[in-house]
Amino acid sequence: MTEEFDIAIIGGGLAGLSLSIQCANAGYNTILFEKETYPFHKVCGEYISNESLPFLEKIGVPISTWGLPIINELKISSQNGRSYQFSLPLGGFGISRYKLDEYLYRIAKDKGVTFFTGIKVHDLAFKINGFEIKTDNGIYYSRIAAGSFGKKSNLDIHLSRPFAKAKPNALNNFIGVKYHIRYPHPRNQIALHNFDNGYCGIEEIENGDCCLCYLTTAENLRKSGNTIPEMEEQILWKNPFLKDIFNNAEFIYKKPLTISQISFQKKSQIEEHMLCVGDAAGMITPLCGNGMSMALHGSKIAFQNIDYYFKNGQNRSVLESNYELQWKKQFAKRIFAGRTIQRLFGKDYLTNHFLQFMQYFPSLSRKLINTTHGKPF
């Protein structure tokens, strides 16, 4: 195929899809590669803070008409089941990735974005002033490339990104597990239940279902004979809230979705002249509940810089430096705060004392929560 696209996007999650819609709206010839076929489920906490509402409505998602649960309360429990409640000043809503990604995909298709789904990208190379992209079904060319290929990809390894080559450590050896369940959880609340070396979130999404998603270490799984049910019973159930959920919920699908080798290490926003967006650019810890908002906001920052590039002389060094600077200005403090808070979770003594401190000083707790949220964009 010899057609050259203005923009090629590798990965069709929130960041990639929303970026493709913005590019198509501006008249750019856009192609997107996604290894899965829509609609599909993803391991994700499925909570979006309200900072994303204006953006989603602007790109065509009628969130306000869907009757989604409005979440304004945070409940956190320690391993022994002692619980604490906090208000969420900005608040948010629950929605499944299955529903939201599918809707964004339909918008992008209607806008004229070229899609290749069920297709893997094996190689990406920058040549002269554009990109050569090798896939399962041929080679494609683009002037700009954006990588939104998630938490860890074969391209991360191919590009020799440092985090992908690092040995297992305290920031890079996590696993994520997600279920959809039916359980009488308060509609306005997101809860985070701690267990040894991990925490589990639950909130309502559409249709009265709940998302139950937890993060823990690969070591916890290894100690449990590498079986998820055994790990849940031996480790997660020590928290009485989690024991009740797992014993009384109706599980909508029999087996959970899982993902391994999750890394919260620092990532670069530019790789071989490709703009990284979403989790490919940097991940906030799930307990902060803002990975989805960061992906959406990151796509807006990427688009603004791509648009400037095409309209103002196509200076690639300006594009890259401005994008990296703006991304860090918007998200670096959030990610640092998330990493810092995560160190205080999953350890019974530390978690209890930290939560007691937060409870005694509500103004400080609000400030800390706000640190992990952004302003409406």
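What follows draws every value from the coordinates through simple rules; no lab data is involved. Predicted, not measured: the structure shown is a model, and the values here were computed from it. Don't worry about glycine lacking a Cβ; one is built from the backbone with ideal geometry, like all the others, and counts go over all protein chains shown.
Kindly work out what percent of the DSSP beta bridges joining two residues of the chain are antiparallel, to the nearest 5. Kindly include the intermediate steps, with their values, before the conclusion.
Details: 49 of 70 bridges.
Antiparallel bridges make up about 70 percent of those DSSP assigns within the chain.
Output the Cα-based Rg and Dmax of the chain in Å, rounding Rg to one decimal and Dmax to a whole number.
Rg and Dmax of the chain, Cα atoms, are 20.5, 64 Å.
Among SER299, PHE336, ILE259, which residue has its Cα furthest toward the positive end of the charge dipole of the range 238-340, with +1 on Lys/Arg Cβ and -1 on Asp/Glu Cβ?
The residue sitting most towards the positive pole is PHE336.
For the range 90-156 and the range 157-218, compute the distance between their C-alpha centroids and round to whole Å.
23
Please list, by residue number, every one of the trypsin sites (Lys or Arg not before Pro) in the range 214-315 that is coil in DSSP and has at most 14 other beta-carbon atoms within 10 Å. Please report the intermediate quantities before stating the final value.
Values: sites: ARG222, LYS223, LYS238, LYS243, LYS254, LYS266, LYS267, LYS300, LYS311; in loops: LYS254, LYS266, LYS267.
When the trypsin sites (Lys or Arg not before Pro) of the range 214-315 are filtered for loop state and at most 14 Cβ neighbours within 10 Å, LYS254, LYS266 remain.
In debye, nearest 20: dipole of the range 273-377 around its Cα centre with unit charges on the Cβ of K, R (+) and D, E (-)?
On the way: 13 positive and 5 negative charges, 60 e Å.
The calculation lands at about 280 debye.
Which angle from 0 to 90°, rounded to the nearest 10, does the C-alpha axis of helix 348-360 make with the longest principal axis of the chain?
Around 90 degrees separate the two axes.
Per the helix-only calculation at 222 nm, which mean residue ellipticity applies to the chain, given -39500 (n - 2.57) for every DSSP H run of n ≥ 4 and division by its residues, nearest 500 deg cm²/dmol? Walk me through the numbers before you get to the answer.
Values: 12 runs with 135 residues, N = 377.
Calculated mean residue ellipticity at 222 nm is -11000 deg cm²/dmol.
Mind checking the angle between helix 291-311 and the chain's longest principal axis? C-alpha axes, 0 to 90 degrees, to the nearest 10.
Roughly 20 degrees, rounded to the nearest 10.
Looking at this model, which pairs from LYS167/LYS300; LYS178/LYS267; LYS151/LYS333; LYS165/LYS329; LYS134/LYS254; LYS151/LYS311 are more than 28 angstrom apart at the alpha-carbon?
Correct reply: LYS167/LYS300; LYS134/LYS254; LYS151/LYS311.
In bins 10 Å wide, starting from 0, what share of all Cα pairs of the range 253-377 does each bin hold, as a percent?
11, 35, 28, 17, 6, 1
Size of the range 175-307 along its principal axes in angstrom, Cα-based, largest extent first?
51, 35, 23
Considering the dipole of the chain built from charges on the beta carbon (Lys and Arg +1, Asp and Glu -1) around the Cα centre, which of THR65, GLY13, ASN370 is farthest to its positive end?
It is ASN370.
Using only Cα atoms, find the angle between the long axis of helix 316-342 and the longest principal axis of the chain, and express it within 0 to 90 degrees, rounded to the nearest 10.
Between helix and principal axis, roughly 10 degrees.
Have a look at MET292, MET283, MET231 and tell me which one the Gaussian network model of the chain (Cα, springs below 10 Å) gives the largest fluctuation.
So, out of MET292, MET283, MET231, the one fluctuating most is MET231.
Under a Cβ-Cβ cut-off of 10 Å, what is the net charge of the residues other than PHE33 that fall near it, where Lys and Arg count +1 and Asp and Glu count -1?
0
Would you please classify the overall shape of the range 224-263 from the alpha carbon gyration tensor, given that a ≥ b ≥ c denote the square roots of the eigenvalues, rounded means a/c under 1.5, and beyond that prolate means a/b larger than b/c while oblate covers the rest? Please list the in-between numbers first.
Details: a/c = 1.87, a/b = 1.29, b/c = 1.46.
Oblate.
Provide the net charge surrounding ASN322, with neighbours chosen by a C-beta distance below 12 Å and charges set as Lys +1, Arg +1, Asp -1, Glu -1. Walk me through the numbers before you get to the answer.
Values: positive: ARG316, LYS328, LYS329; negative: ASP307, GLU320, GLU324.
Local charge sum for ASN322: 0.
So if I place +1 on the C-beta of Lys and Arg and -1 on the C-beta of Asp and Glu, and nothing else carries charge, what would the dipole magnitude of the range 137-251 be about its Cα centre? I want it in debye, nearest 20. Don't jump to the answer; show the numbers that get you there.
Numbers: 13 positive and 12 negative charges, 142 e Å.
Roughly 680 debye, rounded to the nearest 20.
How large is the charge dipole for the range 39-104, taken about the Cα centre, if only the Cβ atoms of Lys, Arg (+1) and Asp, Glu (-1) carry charge, to the nearest 20 debye?
Details: 6 positive and 6 negative charges, 39 e Å.
Result for the range 39-104 is approximately 180 debye, rounded to the nearest 20.
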